[in-house]
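The structure appears below as structure tokens.
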There are 2 protein chains.
Amino acid sequence: MSKLVIVGTVAFDAIETPFGKTDKILGGAATFIGLAAALFKVDSAIVSVVGGDFPEKYLDLLSDKKIDISGVEIIKEGKTFFWSGLYHNDMNSRDTLATELNVLADFQPQVPEAYKDAEIVMLGNLHPMVQLSVLDQMNSKPKLAILDTMNFWMDNALDDLHTVLKRTDVITINDEEARQLTGEYSLVVAARKIHEMGPKYVVIKKGEHGALLFHDENVFYAPALPLEEVFDPTGAGDTFAGGFAGYIARTGDTSFENMKNAVIYGSTLASYCVEKFGTERMENLTRNEVYQRLQEFKNLTQFEIELS
Amino acid sequence: MSKLVIVGTVAFDAIETPFGKTDKILGGAATFIGLAAALFKVDSAIVSVVGGDFPEKYLDLLSDKKIDISGVEIIKEGKTFFWSGLYHNDMNSRDTLATELNVLADFQPQVPEAYKDAEIVMLGNLHPMVQLSVLDQMNSKPKLAILDTMNFWMDNALDDLHTVLKRTDVITINDEEARQLTGEYSLVVAARKIHEMGPKYVVIKKGEHGALLFHDENVFYAPALPLEEVFDPTGAGDTFAGGFAGYIARTGDTSFENMKNAVIYGSTLASYCVEKFGTERMENLTRNEVYQRLQEFKNLTQFEIELS
């Protein structure tokens, strides 16, 4: 089993979907990643920052999942990062209603001493220089550095993104972002170009259409489970990344064959995440439920054709 | 092995894509379905109509593939159905530049005597009343009636479409059409509603995102092979249907488990179809090439997770 360091936001979200709306609830990339990874009972730590307004109970929730939060800085006089979004009827597009950086604006991540030898580093969606700072604090090059990012950083910090990509082993990115980063419409060609930027493994997330894992000439496709309804997509991508990183940390195996399983676990957990608002479903998800849905994934994708 | 009757257009297409354009070439739903099904060396017949302008060599091409064309009526004084389309850069959307119905306007399908006992009937995209007429000509209810349709008939002949759907076992339809037919965004819910309209099996084609097969509470997902480039999508959906129908006819097995394989074969053949303009790739495709790509599909989708 490998140690896992997670850097990312711990935040407040306010969400509106066709099914309802929430007040400020627990959110943030590192929160979703941590909750997903916690299902694998790995040694994990979150590196993040919150304000004095952040409820103790939310920190307790993470601690109770055995996530080390000594790297979550609390700035008493500051306010926690806040994001608010409105999802449209198709659930595939959303409007950002508010983004208040607050304490995140001057975030200087501090990796706890006990985690500077972690073999797996999960760089959640943040400014590329913050992601880079975490890599710089590690005692040595981690066995696997996984990076998630978004179009905002391509628009506003592309050079920095390229710098951190050179030191990244796995990137998780959505299809539109892969196209933006490379200027290529074909995801096969886009994955190859991203590979040349650094990451040996490229995971392209396609939302309801599943996810693709590329490595050299190999491709693996994990569909998304066809769901009757998606209640709230918030955190699905982070949950996917957390499931991926958690499974890799648990097994300590970074082979392509094992990454296939990691992608399936990521998809499985993401399919649960979207069933309720925010982190609600992930807070109470059991390993038995995970196994049950893994079986559904097998039924969904496995077939027997005799090749003669 | 079961006999297969295919009704659909045999036509001229003129296609323009970002990679080039063609003059009038061989096209039509029944053509693509027939060429795909021919790879399974099944007893198949096409029921269609062409004009006096239709080249002998195109008919010979179908005959050479052992497709019975005695049900392809030739109206000497008429002109063959013609469709022309322009694909946009993303290859997912197209403009229809011309649709000349010509001899198709008064098409009265005639199922050859020798095929009135066929167990598998593939109703290619046509007016629902033409599809119904083929079912009416069969000696008895076929073992499996497969229907392909499109949004045009939902807009213009919805009642007739519902009539033929009641007598259909399998429908193949794309995602947008499934949503239009049911008014449901969720494909899971849409499939259930279509099931209530008649078809026990619902295949929803999602283009580059693959295809879903629904039956009662069971779902199967066949991804599309991630391709470096799609040269010409024309006929991909018909080729998918032809591969599906051909495999079912070959095996004579209409179980859900076997339909999974049929969907995989359909996806495999469709992935070849789009590599060249029109029918060009399908005309020369070999069974060895098919097996090779089936192996790629296995690598793409099969995984080994121990569930404990």
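Details
- Exactly one residue out of B:THR279, B:THR301 is of a type in the set (Val, Ile, Thr) and more than 8 Å from every other protein chain (Cβ to nearest Cβ), and it is B:THR279.
- Of all residues in the range B:196-209, those satisfying the criterion of being under 24 Å from B:PRO233 (Cβ atoms) and out of contact with any Leu (no Cβ under 9 Å at 6 or more places or on another chain) are B:GLY207, B:HIS209.
- Filter result for A:VAL290 (crowded, with 16+ Cβ neighbours inside 10 Å and within 17 Å of the chain's Cα centre (by Cα)): no
- Scanning the range B:225-252 for residues that are under 30 Å from B:HIS88 (Cα atoms) and of a type in the set (D, E, K, R) gives B:GLU228, B:GLU229, B:ASP232, B:ASP238.
- Verdict on A:VAL202 being facing chain B (nearest Cβ under 9 Å) and either in a strand (DSSP E or B) or touching a Gly at 6+ places or on another chain (Cβ under 6 Å) (or both): no
- Every residue from the range A:2-25 that is in a strand (DSSP E or B) and surrounded by 24 or more Cβ atoms within 10 Å (Cβ to Cβ): A:LEU4, A:VAL5, A:ILE6, A:VAL7, A:ALA11, A:PHE12, A:ASP13, A:ILE15
- Complete set of residues in the range B:203-230 that are out of contact with any helix residue (DSSP H, G or I) (no Cβ under 9 Å at 6 or more places or on another chain) and over 17 Å from A:GLU228 (Cβ atoms): none
- Residue count, the range B:68-98 (criterion: part of a strand (DSSP E or B), away from chain A (no Cβ under 14 Å) and under 30 Å from B:ASP175 (Cβ atoms)): 10
- So A:ALA14, is it among the aliphatic types (A, V, I, L, M), closer than 30 Å to A:LYS141 by Cβ and at pLDDT 95 or above: no
- Qualifying residue in the range A:73-90 (condition: charged (D, E, K, R), modelled with pLDDT of 95 or more and touching a helix residue (DSSP H, G or I) at 6+ places or on another chain (Cβ under 6 Å)): yes
- Of everything in the range B:212-251 that is more than 12 Å from chain A (Cβ to nearest Cβ) and part of a loop (DSSP other than H, G, I, E, B), the residue that is farthest from B:ASN125 (Cα to Cα) is B:ASP216.
Per-residue answers, yes or no, for (1) touching a helix residue (DSSP H, G or I) at 6+ places or on another chain (Cβ under 8 Å); (2) at pLDDT 95 or above; (3) closer than 26 Å to B:GLU306 by Cβ; (4) not acidic (Asp, Glu):
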| position | (1), (2), (3), (4) |
| --- | --- |
| A:LEU158 | no, yes, no, yes |
| A:THR168 | no, yes, no, yes |
| A:VAL189 | yes, yes, no, yes |
| A:GLU196 | no, yes, no, no |
| A:TYR201 | yes, yes, yes, yes |
| A:PHE256 | no, yes, yes, yes |
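- Between B:MET129, B:MET122, B:MET150, the distinction of being more than 22 Å from B:ALA262 (Cα to Cα) and either touching a residue at least 24 places away in the same chain (Cβ under 8 Å) or within 15 Å of the chain's Cα centre (by Cα) (or both) belongs to B:MET129 only.
- Which listed residue is closer than 20 Å to B:LEU35 by Cα, hydrophobic (A, V, I, L, M, F, W, C), surrounded by fewer than 23 Cβ atoms within 10 Å (Cβ to Cβ) and in contact with a strand residue (DSSP E or B) (Cβ under 9 Å, 6 or more places away or on another chain), from B:PHE240, B:PHE231, B:PHE256, B:PHE244: B:PHE231
- Out of B:LYS166, B:LYS141, one residue alone is away from every other protein chain (no Cβ under 14 Å) and more than 26 Å from B:ARG250 (Cβ to Cβ). It is B:LYS166.
- For the range A:263-274, the condition of being surrounded by fewer than 18 Cβ atoms within 10 Å (Cβ to Cβ) and either more than 22 Å from A:LYS3 (Cβ to Cβ) or in contact with a Lys or Arg (Cβ under 7 Å, 6 or more places away or on another chain) (or both) holds for none of the residues.
The values are calculated or read from the model by the stated rules, or taken from the named source; none is laboratory data. The structure presented is a predicted model; accordingly, all values stated were derived computationally and were not measured. Glycine gets a Cβ as well: all are built from the backbone with ideal geometry, and neighbour counts include every protein chain shown.
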